[in-house]
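Only one structure is covered here, and it is reproduced in the block below.
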Amino acid sequence: MRATGRLLSLIESDRRDEVLAVLEPGPIRVVGVTGPPGAGKSTTIAAMVAGYRARGQRVAVLAVDPSSPYSGGALLGDRIRMAQHINDPDVLIRSVATRGHLGGLAAAVPAAIRLLGGLGYDLILLETVGVGQSEIEIAAVADPTLVILNPGAGDAVQAAKAGLLEVADILVVNKADREGADRTVRELRQETHAPILKLVAARDEGIPELLEAVDAHHRTDTPERRTARARAQILSLAQTRLRTHPDLDTLAAAVAAGHGDPYTAAENLLRPAESEAALP
């Protein structure tokens, strides 16, 4: 487990390419879990981990958190609700800081997924904190993406406004023993055709049905959907690299001073990348 942690640290560093170069990628499933703060994502994930472990599967949890402005580390690294799995050698729980990646999803996540597949994990549960655009980007690497909401409190309406329903493959109304759960389900049915499940994660109620829904969705995956996810990953990571391009500030200053136009500047920014891509 410590060795895996060290490899993941390398994946998050400038030595990422060294690790990827020696990896033999293996098959691995990625299930995304997102939703607004307080919806019970960590509790749901802990219950899902228990369900997958009962099947004999090795499970990794990657929790993507906002980066600390001081240390660059993950702010939400304690994951108290997942503590029941801490001593299980076949469960890995890791917080990954976003480190300024555009959209919120950590740039190291695709590499971490490849690493964990190579190390023999069967499934990754990828959690985002539910702020910014990380909820949207999670759909680029996960299949399916679960969106977890609470009854009432306008969560269904807010989820629709935030675009969450657009990426939801499966909607989960957690804490379904609370008043307003059925109303929330009805509101969601008016907004989306995605499957909607109710559960009480803290009591493991509805977890078997949720795992079956995840399996059913995975069975319907297609090459076209996998290609679309890969395309979204590539575009997201390329956009991040462009944001840190050494010529960006110089080009921006020139455009701001009236010595150029943004169209030509954009072409100049892309040209080196295009040249490198053409190399064998």
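The values are calculated or read from the model by the stated rules, or taken from the named source; none is laboratory data. Please read all numbers here as calculations on a predicted model, not as lab measurements. Note that we place each Cβ from the backbone using ideal geometry, even for glycine, and neighbour counts take in every protein chain shown. When the accessible area is computed, the model is the full protein with side chains, heavy atoms only, and any ligands, DNA or RNA have been set aside. Shrake-Rupley method; radii C 1.70, N 1.55, O 1.52, S 1.80 Å.
Details
- Cα-Cα pairs of segment 190-238 separated by more than 12 Å (percent): 73
- Solvent exposure of segment 225-273 amounts to 74 Å² per residue of accessible area, where only protein heavy atoms count and the probe is 1.4 Å.
- Computed from the alpha carbon positions, the gyration tensor of segment 181-268 leads to an equivalent ellipsoid with semi-axes of 47, 18, 13 Å, biggest first.
- L197 long-range amide H proximity, modeled H, under 5 Å: L171, V172, V173
- Spacing of the modelled spin labels on E267 and R189, each 7 Å from Cα toward Cβ, amounts to 5.5 nm.
- When the trypsin sites (Lys or Arg not before Pro) in segment 1-44 are filtered for DSSP coil states and for at most 12 other beta-carbon atoms within 10 Å of their beta-carbon, the remaining sites are R15.
- Note that segment 1-67 carries a Kirkwood radius of 14.4 Å, evaluated over its alpha carbons pair by pair.
- Sparsely packed loop sites in segment 162-248 (the GluC sites (Glu not before Pro) outside DSSP H, G, I, E and B with at most 15 other Cβ atoms within 10 Å) comprise E179.
- Label point distance in nm, R225-A257, each placed 7 Å from Cα along Cα→Cβ: 5.2
- Carbon/sulfur fraction of accessible area - segment 176-280, other protein chains in place, 1.4 Å, %: 55
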